[in-house]
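Since the structure comes first, as structure tokens, the remarks are kept for the end.
The values are calculated or read from the model by the stated rules, or taken from the named source; none is laboratory data. In this text the structure is predicted, and so the values were computed from the model without any measurement. Note: ideal-geometry Cβ built from the backbone for every residue, glycine included; neighbour counts use all protein chains shown.
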Amino acid sequence: VEPGFVQHGSELAIAEMLQSGTTTFSDMYFFPEVVAGAAEAAGMRAQITFPVLEFASAWAEDAEQYLSKGLALLDTQRHSDLLTVGFGPHAPYTVSDATFERIAVLAAEVDAPIQVHLQETAAELAQSSAEHGCSPVQRLQRLGILGPRAQAVHLAHFDENDLELLVESGTSAVHCPASNAKLSSGYSQVSQLMAAGLPVGLGTDSAASNNTLDLFDTARLAALMAKQQGDASSLTAWQSLHMATCGGARALGMADKIGSLEAGKCADFIAVDTNSVSMQPLYEPASQLIYTGAGKAVTHSRVGGRCLLRERRLQSINSNALLEATASWRDRI
């Protein structure tokens, strides 16, 4: 992993997201300043959470350096119209109690979000029980991480006690059905999360664990997988669409700016061609958007009123140059 790899990967991801209807994304990866620069150059809205781990990477040597470099990025982007920066403690099994406690204090001081991969696998719960005597959710509650700033990504495994702590703390969940299915991590009972009142957004996790960043595709999978529990009414198309829009905005702490078209909010919106054969006759728009692969039918995308995709053509990214640049990584990967 090096800055050039992250640069081209970010540009490729941004291009794919714009072409499939995403106007805001959140990311946790090494060299977050590179990701931030790519998003800003493309004109895309983003929440960048800088990674925090106990071990060295190409970006930082230890938890202290992850935090110092991340806080410097946060300070740099503090007044950005497009970017927000938050903390990204990777997971309970890669971050110590002391580091989690420090992040809780710092996040409160600078009023920044905290994104963490949480209870993604059964093995994670078993390890936490053996080492800490409790579930990861219970541990993070004790360490001060859970709360309105916190984004719990995955939650493929939880019990009633975990759910109660999440709801009481005001933590948001991010459902990643495609990643969880591909990695055989488990399945999040997302309808149960929503019924309990937990804010739930929708995530792709990453191209590495999903292969597509098309959020319409992920929304379709979420709706279909929820119905495998024996209830055809579970997670309706409207609920899945809400997760991908208003739910995501709330999880990111940006519901006052994005997620819906309302007076005073940002002019972030897309246009979808509903004239395709697969959408006819068009009588239930939400259902047809979710179940027909509408990401491939996106024609226009605007962020902050600026047109970034027009008639399916990227306006702020040179797609030919990007494809040429990313092709060079094939052999190296």
For this session: Being of a type in the set (D, E, K, R) and either within 15 Å of V6 (Cα to Cα) or surrounded by fewer than 10 Cβ atoms within 10 Å (Cβ to Cβ) (or both) is the filter here, so list the residues in region 317-333 that pass it.
Result: R330, D331, R332
Seminar exercise, completed: Exception for A72 within (1) among the aliphatic types (A, V, I, L, M); (2) without any contact (Cβ under 8 Å) to a residue 12 or more places away in the chain; (3) buried (at least 17 other Cβ atoms within 10 Å of the Cβ) falls at (3)
For this session: Read through the list (1) assigned to a loop (DSSP other than H, G, I, E, B); (2) surrounded by 21 or more Cβ atoms within 10 Å (Cβ to Cβ), then give the number of the only condition that G86 fails.
Result: (1)
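Take the conditions at pLDDT 95 or above and either assigned to a helix (DSSP H, G or I) or aromatic (F, W, Y) (or both) and apply them to A123. Does it pass?
Details: at pLDDT 95 or above: yes; either assigned to a helix (DSSP H, G or I) or aromatic (F, W, Y) (or both): yes.
It is true that A123 is at pLDDT 95 or above and either assigned to a helix (DSSP H, G or I) or aromatic (F, W, Y) (or both).
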Seminar exercise, completed: Flagged in region 126-165 as free of Cβ contacts under 8 Å to residues at least 60 places away in the same chain, surrounded by fewer than 22 Cβ atoms within 10 Å (Cβ to Cβ) and touching a Pro at 6+ places or on another chain (Cβ under 8 Å), in numbering order, are S128, R139
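Those residues that are of a type in the set (D, E) and within 18 Å of S68 (Cα to Cα), I need them from region 20-56; list them, please. Write out each step before concluding.
Taking region 20-56 and keeping what is of a type in the set (D, E), we get 27, 33, 40, 54.
Once the filter is applied, which keeps residues that are of a type in the set (D, E) and within 18 Å of S68 (Cα to Cα), region 20-56 yields E33, E54.
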Exercise. Between residues in region 303-331 that are over 17 Å from A41 (Cα atoms) and residues that are part of a loop (DSSP other than H, G, I, E, B), which pairs lie under 9 Å by C-beta distance while being six or more apart or on different chains?
Worked result: R312/D273
For this session: Could you give me the residue pairs with C-beta distances under 9 Å whose first residue belongs to region 282-302 and is polar (S, T, N, Q) and part of a loop (DSSP other than H, G, I, E, B), whose second residue is modelled with pLDDT of 95 or more and crowded, with 18+ Cβ neighbours inside 10 Å wherever it lies, and which are 6+ apart or on separate chains?
Result: T292/F216; T292/R220
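Could you list, in sequence order, the residues of region 266-281 that are outside any loop (DSSP other than H, G, I, E, B) and exposed (fewer than 14 other Cβ atoms within 10 Å of the Cβ)? Reasoning before the result, please.
Here is the first cut: in region 266-281, the ones outside any loop (DSSP other than H, G, I, E, B) are 269-272, 277-279.
If the condition is that a residue be outside any loop (DSSP other than H, G, I, E, B) and exposed (fewer than 14 other Cβ atoms within 10 Å of the Cβ), then V277, S278 are the ones that fit.
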For this session: Among what's in region 289-318 and is under 20 Å from the mean Cα position of the chain (by Cα), aliphatic (A, V, I, L, M) and over 10 Å from I270 (Cα atoms), pick the residue that is modelled with the lowest pLDDT.
Result: A294
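Give the residue that is nearest to R306 (Cα to Cα), with candidates limited to residues of region 9-56 that are part of a loop (DSSP other than H, G, I, E, B) and of a type in the set (S, T, Y). Steps first, answer last, please.
Initial filter on region 9-56 (part of a loop (DSSP other than H, G, I, E, B)): 20-23, 28-31, 43-44, 53-56.
Next, from what is left, pick out any that are of a type in the set (S, T, Y): 20, 22-23, 29.
Details: S20: 17, T22: 14, T23: 11, Y29: 27 Å.
Of everything passing the filter in region 9-56, T23 is nearest to R306 (Cα to Cα).
Return yes or no: is H8 closer than 27 Å to V137 by Cβ and modelled with pLDDT of 95 or more?
Values: closer than 27 Å to V137 by Cβ: no; modelled with pLDDT of 95 or more: yes.
So H8 does not fit the description; no.
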For this session: Can you run down the residue pairs with Cβ atoms below 8 Å, 6 or more apart or on separate chains, where the first is in region 39-61 and over 24 Å from G253 (Cβ atoms) and the partner is basic (K, R) and modelled with pLDDT of 95 or more?
Result: W59/K69; A60/K69
Problem set entry | Matching residues, region 115-125, being surrounded by fewer than 22 Cβ atoms within 10 Å (Cβ to Cβ) and touching a residue at least 60 places away in the same chain (Cβ under 8 Å) | T121, A122
